[in-house]
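Colleague: A single structure is presented below for examination.
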Amino acid sequence: METPYTVRKAVQGFEAYSAGLSIDEIKEQYGLANVIKMASNENPLGASPLVIKAVQDAAAQAFRYAQSGNPRLAKAIAKHHGVNEKCIVTGNGSDEVIDLLIRCRAEAGVHNVVTFKPCFSLYELQTKFCGVELRQVPLNPDFTFNWAAMRAQIDNNTALAFITTPDNPSGYCPPVAELEAFARSLPPTTLLVIDEAYMDMCGDEAAHSLLPRFVEFKNIAILRTFSKSFGLAGLRLGYGIMPEPLADYLCRVRPPFSVNILAEVAGYAALEDQNFRKLTLKTVREGRELLYSELTKLGCRVHQSWSNFLMLRLPENCTKTADQVFTALLERGIIIRQLKSYHLPEYLRISVGDMHENKALLRALAEILG
Ligand SMILES: *Cc1c(COP(=O)(O)O)cnc(C)c1O
């Protein structure tokens, strides 16, 4: 007899998203007073002081519902990028926009979704959750994009193709001409979703992003987030920029108050704080350069990154596994990211920290690698 707890086939045996470890977990487990987290690509400077003030000021409004659809925030985001506000869909993190795009576009048993492999796991998870066919195309061995192989997997039933640029976990960022050629090669029935969670950290957006020329394309959606360079990961705020008719559908079906009132005021303040943004981008650039050169000196095989994290393998002659090095860092109070959930067990990913954190990581790693 069926239990009342039966779930859809797609949900049975579902594996949850694998998140980076938290500071509190590690403090407790290893009995440490100080723990550094360089695992989840968060902003090393924290949140902007203007944001903190805005959230404090708005705290008394916590009993109110936010304005459904966040029109004031959508307008500010649209102005920030120079696009029509009707093209903006805000969400509880860009994770929610990814979920909405898949659920709005892809019909189980009819459509398919195409991604590279490895990729940001949310695309895989939400596609599987919907019971929709997932087609994954291996990246090139050097983690550049095999466009031809991806194009070959796309047919008239491909509802969505997901690209992450700069990519996670490699940090690779293709030139915009490659993206443009790919977007133009697609059938009109396929939406190319370009996840630009880290694009503002690449140093030259015009050379890497189609966003400045968004209006020229009918089949692209671009995702951005306040979680990384804006330092608002814990408040959950992201958005998509997509053709107006599609944005309208997403706005109709999305839960009306998924972006809460504090996230809304925080996003608004974060966009205003130009100084904090400049300082963040400078901190990321300098930290990335330092980590790249010093990790390379330690013999690590580091991938070039256009983002606020670096992916690496240990030195060729290293007697320790990535697993052992990861644990040895934890024992020293430093959390980085293992990439087992990306099926890259030999690789590690390190988020750029502030200068103190970067140096602590380098010291600890030098010690561990001996
Ligand atoms: C961090 C990240 C996001 C952002 O997710 P939020 O839900 O906005 O916090 C999106 N895509 C990729 C590839 C990421 O690494």
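Colleague: Can you tell me how much longer the chain between SER185 and LEU369 gets when fully stretched, taken as 0.36 nm per residue apart minus their C-alpha distance, in nm with one decimal?
Modeller: Once the chain is fully extended between SER185 and LEU369, it gains 61.6 nm.
Colleague: Let me ask something additional. Provide the convex hull volume over Cα atoms per residue for region 127-199, in Å³.
Modeller: 100 Å³
Colleague: How much of the accessible area of region 224-283, in percent, comes from carbon and sulfur atoms when a 1.4 Å probe is used?
Modeller: With neighbouring chains kept in place, the figure for region 224-283 is 58 percent.
Colleague: Okay, next question. On the principal axes of its Cα set, how long, how wide and how thick is region 53-114? Give whole Å, largest value first.
Modeller: Computed over region 53-114, the largest-to-smallest principal extents equal 48, 30, 17 Å.
Colleague: According to a simple spin-label model (label point 7 Å from Cα along Cα-to-Cβ), what is the distance in nm between GLN56 and ARG285?
Modeller: Taking the two extended label points, one gets 3.1 nm.
Colleague: Rg/Rh for region 1-85 to two decimals, with Rh computed the Kirkwood way over all alpha-carbon pairs.
Modeller: When Rh is taken as the Kirkwood radius, the ratio is 1.13.
Colleague: In nm, give the distance between the simple-model label positions of LYS27 and ASP155, each being 7 Å from the Cα along the Cα-to-Cβ direction.
Modeller: If labels sit at LYS27 and ASP155, their model points lie 5.4 nm apart.
Colleague: How far is it, in nm, from the label point at GLU244 to the one at VAL215 when both lie 7 Å from their Cα along the line to the Cβ?
Modeller: The two pseudo-label positions are separated by 1.1 nm.
Colleague: At q = 0.13, 0.14, 0.22 Å⁻¹, what base-10 log of I(q)/I(0) does the Debye formula yield for region 210-298 when every alpha carbon is treated as an equal point scatterer in vacuo?
Modeller: With one equal scatterer per Cα and no solvent, log10 I(q)/I(0) is -0.64, -0.71, -1.13.
Colleague: Considering the Cα positions of the chain, please state its Rg to one decimal place and its Dmax as a whole number of Å.
Modeller: Both quantities, over Cα of the chain: 20.8, 63 Å.
Colleague: Considering Cα pairs under 8 angstrom that are at least six residues apart, work out the relative contact order of the chain and quote it in whole percent.
Modeller: 24 percent.
Colleague: So what is the relative contact order of region 118-243, in percent, for Cα pairs below 8 Å that sit 6 or more residues apart?
Modeller: 20 percent
Colleague: From zero outward in steps of 5 Å, how is the percent of C-alpha pairs of region 74-197 spread across the bins?
Modeller: In order of increasing distance, the bins hold 2, 10, 21, 22, 21, 15, 7, 1, 0 percent.
Colleague: What FRET efficiency do you get for LYS117 and ALA10 if R0 is 25 Å and r is their Cβ-Cβ distance, rounded to the nearest 0.05?
Modeller: 0.80
Colleague: Same structure, new question: So, how do all the Cα-to-Cα distances of region 330-370 break down into 5 Å bins, in percent, from 0 on up?
Modeller: Result, from short to long distances: 6, 20, 27, 26, 15, 6, 0 percent.
Colleague: Let me ask something else about it. Which of HIS303, PRO256, ASN317 sits closest to the plus end of the dipole of region 227-370, meaning its Cα is farthest towards the positive end, when Lys and Arg get +1 and Asp and Glu get -1 on the C-beta?
Modeller: Positive-most Cα among the choices belongs to ASN317.
Colleague: Restricted to Cα positions, what overall size does region 222-370 have along the principal axes? Three whole-Å values, descending.
Modeller: Cα extents, longest axis first: 56, 35, 27 Å.
The values are calculated or read from the model by the stated rules, or taken from the named source; none is laboratory data. Values in this document were obtained by computation on a predicted structure and should not be read as measured data. Backbone-built Cβ (ideal geometry, glycine too); neighbour counts: all protein chains shown. Ligands, DNA and RNA are excluded from the accessible area calculation, which covers all protein heavy atoms including side chains. Shrake-Rupley method; radii C 1.70, N 1.55, O 1.52, S 1.80 Å.
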